[in-house]
Each structure stands twice: as structure tokens, then as C-alpha cells.
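Colleague: One structure coming up, written as C-alpha cells, with questions to follow.
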Amino acid sequence: MPLRAKVTTPGWMTGTRMYSTPTENLLAAQPDDDPDDVLFTNNYGVRSIELNRPKKLNSLNGSMARKIIPRLQEWAKSELAGVVMIRGAGRAFCAGGDVAALAKWNQSGPQGRQKSADYFGLEYKLDHLIATYTKPYVAVMDGITMGGGVGLSIHAPFRIATENTLFAMPETTIGFFPDVGASFFLPRMEGGLGLYLALTSSQLKGIDAFYHGVATHYIHSSTLQQLEARLAELQFPDHFTLTQRHKIINATIEEFSTGLPASCPAITGQIRRTIDKVFHRDQPSVEAIYDSLNALIEDKSTSPSIREWAEDTSKTLNERSPISVAVTFQQLRDGQRWSIAETFQREYDIAAHFMAHPDFTEGVTARLIKRRKERPNWKPNKHHQVQQSEVDKFFKRRTELSLISTGASADYREYPHAWLGLPREEEILREAQGKAQAEVVEVLLEKYEGKQGVREKVAEVLERSSQRF
């Protein structure tokens, strides 16, 4: 009788590089999948995805991702699907991934940690599919949009903020890092905002999300149903390119822009200039950020409001996981050079390493499960105890994530749809050379076809740039 081979390790985990679980295995339905956690509807040319776990603030889990991925693939091939819209039921768009389940899996040993890593692999495949989707994709960020919810929206060409939007990447509070493609998006934010939001987990309300480029449009939530009905009426000639379709949708969404609740973001003026200085992308280390904050605190000429901000920010950083802060700092420095595909490959490596680090389970347990008020027992416990050699381990290539989207269109180094948002600061300042503010506004309003918010952003940028520390 021939001997039967005993296979102890799956084929994708052999050799010097560990491969992620194949996509077809990850997409297989599981016995405990909720059949109603995602709802899909058709409305003429609009295909809608509704995240339907309102009691859990629509936190993303494997069951939801396993439903969304094949539906997106199906719609990408359908001539009848013109626009994809995603939204959340209740008061949240999506408050993040279901990390409480992951923390419990991690406690069961290597197999549990592999199960957690597989979840991130599945999530990142979905996020990359959205980032490179071949049909117009509209994310309605109406409500809490954090963590995993950011991955479902931030790479979309159309990102709609409302008065209910609350955006954040809170991962350093739970011993993790800003993932779901944040390595790509955050370093490309203006000034020091990306690094500031990443390290501190600070939140942005809807209007700030719009002004700072997290959202491409701002409309009132009361008009969302009307917007969907209007988008359903759109018909695109077969020969229209994706860019041409985007132009039509952009103009359609602008029809529902009925005014902004504020003429500038909350983070503006001296606070914004201070953030740009303290969290500048050329800061050499986390320690340098602390030094900058301490210098503001100790400088007698610092205004009371800035000193208070510096003290609060320093205290906030001290509450965060030291290893998470150090890894996030390195992540955003490196992410400036990563392409969108490389971003998810790299983040999968980092996430898998975090599943074996005690801070993730400690942070999730303390903050989300037991909801303890005291600072978690981070290891290492202080920022100065973090060794660079430990940080480097998170960036060692050890896995291979097989992405769903492939080919030339599945990778890029700058968002191909960036023109759908407000003009960036560098464009405004470049246009302002030798011109009066009214002329700059006129030029950019014409270029951006009368887009809501252009006039206000030009005024804010020029006023801030005219002042000095």
C-alpha cells in the first residue's frame, strides 16, 4: 500500500516567503456568516451596497467582505451597472473592522493569528479592488467613518461627506497602525495633516473632511435619496471612458451642493501652521516631534491656545502604543514612495506582524472589550524604549498578498481621480503668484467648473500663507 503523505503546512505557506490564503478560499461562505449583514439593491443604473450591522456601527467583518467582493466583480462586467454606491445603515457608515474578534483569535495561538491575518488579506483585497475599480464608485460617508470604513471609501473617486460625517484613523489607540491603504492616502494629504491624524487619531467632522481632501463633495444628508434617484437616471454612451463618466457624475453631485456650514475648516490659521511645522514630513523621528512640542510648551512667546494644543497633543501621543506610533511614523515616511498595489502588499506584512505583537490584543481588550479608562499596559511602555530594530521587523517582506485586480490599471502612484476634489494648496499658491485673490478664485472656479468650496479654500489658503510664525 503506498504511503500517504502527511501535509502539515499549506502550499502557500511554504518556502522562504509566506503566501496569503488564496482568494477563492477566503471568499468561501462560513457557517456563521450573517446572510443580511450587507444588502444589495438595483435602481436602474445604480447598484447599491448597504452595510447592515447598525448595532455594531456597521463594523466590517469577513462575512461582509465575502459578499461585497463577488458582487463588485459581477457589476464590473455588467453593461447595466452604471454607478456603484455604498452606504451604511443607521448612524455610521462603517466604524472600522471587527477587531474584537481578531484579538480573541490571536489568543488561541498561531492558527488564530493566521486567521486574523487572513481577515486583513481579505479586507485589503477588497480595498484594492475599490481603489482600482473600473466603474464609477460613490462612497456616502454619512456618519462614523473610521478604520475599515475608511478603506471602503477613501480610495473611491467620489467621497461624499455630510453634516453627520466623523472621520478618523484611531489605530494607534488600540496597538495597531493606520491600514486599509492609509499608507498611500495619509502621506499625500496637505502639509502635516496626514502624519498628525495618523499618530494622534484625531477626528475630522464632515466639513473639515471636505476642506482637507478626505471627501470630494459635501452635501446635506437630507438630499442623499434624491441624489441616488438622480444618479439612477444617468445613461452613459458605451464609448465613454471612465473619466468622461466621472465628469458627468461629478456635475450631478454638484447639483445637490446647497451651501457649506462653515467658510473654513476648524483646523486653520495658527493651529494649522503649527501642525504643518511639528508634523512635517521631513521630521527625522518621533523624538523630534516630541522635541518640537516641548519647545512650544516651554517658549514664553507661544500663544496660550498653541501651548494648550501642544500640551494636549503631547499627552495624547503618550497615551498611544509606543510601538504603534513608531511603526506608523515609519509607515508614512515609506508610504510616500509606495504605489497603491505595493501599499496593500506592505500593509499585509505589517498587519500580520502586529497579530503576533502583544500590543494589539492588549489595546483592543483594554479599549474596546473591557473599556478600561486607564492606559493599556503597552510593551514597550514608553516611547524612548522602542528600538529601531524592532520597528524594522514590521517592514520585513515575509508574505505575498495576491490581489484581485491585476494589470497596468491596477497600480498607480497618484490617484488618477484626484481632480474630483478641491484644488490642492500647491495649485492655489502657484496660481496666486502675481495675481489678486479674486483672479485666483475666477481661474480655479472655471477650471473646477464652479465647484462648491473652491472660493472658500482659496481664501483660507491665501490668508494662512500670508501669515508667519
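Here is a yes/no grid of residues against (1) within 23 Å of the chain's Cα centre (by Cα); (2) surrounded by 22 or more Cβ atoms within 10 Å (Cβ to Cβ); (3) part of a helix (DSSP H, G or I):
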site: TRP338; (1), (2), (3): yes, no, no
site: THR343; (1), (2), (3): yes, yes, yes
site: ALA351; (1), (2), (3): yes, yes, yes
site: PHE360; (1), (2), (3): yes, yes, yes
site: ASN381; (1), (2), (3): no, no, no
site: HIS384; (1), (2), (3): no, no, yes
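Colleague: Another one. Filter the range 395-410 down to the residues that are open to solvent by 70 Å² or more (accessible area, probe 1.4 Å) and closer than 18 Å to GLY335 by Cβ and list them by number.
Modeller: Correct list: LYS396, ARG397.
Colleague: Give the number of residues within the range 428-442 that are over 29 Å from the mean Cα position of the chain (by Cα), surrounded by fewer than 17 Cβ atoms within 10 Å (Cβ to Cβ) and closer than 21 Å to THR216 by Cα.
Modeller: 1
Colleague: Here is a list: ARG230, ARG159. Which entry is surrounded by 19 or more Cβ atoms within 10 Å (Cβ to Cβ), out of contact with any Phe, Trp or Tyr (no Cβ under 7 Å at 6 or more places or on another chain) and of a type in the set (Lys, Arg)?
Modeller: ARG159
Colleague: With a cut-off of at least 3 residues that are of a type in the set (S, T, N, Q), name the helices (runs of 4 or more DSSP H) lying wholly within the range 233-302.
Modeller: 242-254
Colleague: Here's something else I'd like to know. For a quick check of your reading: which strands (runs of 3 or more DSSP E) sit entirely within the range 30-92 and have at least 1 residues that are in contact with a Lys or Arg (Cβ under 7 Å, 6 or more places away or on another chain) and farther than 17 Å from ILE160 by Cβ?
Modeller: 38-43
Colleague: Looking at (1) farther than 17 Å from LEU27 by Cα; (2) open to solvent by 10 Å² or more (accessible area, probe 1.4 Å), which is the one condition that is false for LEU129?
Modeller: (1)
Colleague: Something else now. From SER63, SER48, SER116, grab the single residue that is over 19 Å from the mean Cα position of the chain (by Cα), among the hydroxyl-bearing types (Ser, Thr, Tyr), within 25 Å of ILE248 (Cβ to Cβ) and open to solvent by less than 70 Å² (accessible area, probe 1.4 Å).
Modeller: Matching residue, one of SER63, SER48, SER116: SER48.
Colleague: Failed condition for ASN377, given (1) part of a loop (DSSP other than H, G, I, E, B); (2) within 24 Å of the chain's Cα centre (by Cα); (3) of a type outside the set (A, V, I, L, M), with all others met?
Modeller: Going through (1) part of a loop (DSSP other than H, G, I, E, B); (2) within 24 Å of the chain's Cα centre (by Cα); (3) of a type outside the set (A, V, I, L, M) one by one, ASN377 breaks only (2).
Colleague: Does the range 405-433 hold any residues that are farther than 22 Å from VAL138 by Cβ and modelled with pLDDT of 95 or more, and which are they?
Modeller: Residues satisfying the conditions are ASP411, ARG413, GLU425, GLU426, GLU427, ILE428, LEU429, ARG430, GLU431, ALA432, GLN433.
The values are calculated or read from the model by the stated rules, or taken from the named source; none is laboratory data. In this text, all values refer to a predicted model and were calculated from it rather than measured experimentally. Don't worry about glycine lacking a Cβ; one is built from the backbone with ideal geometry, like all the others, and counts go over all protein chains shown. Note: accessible area is taken over every heavy atom of the protein model, side chains too, but ligands, DNA and RNA are not part of it. Shrake-Rupley method; radii C 1.70, N 1.55, O 1.52, S 1.80 Å.
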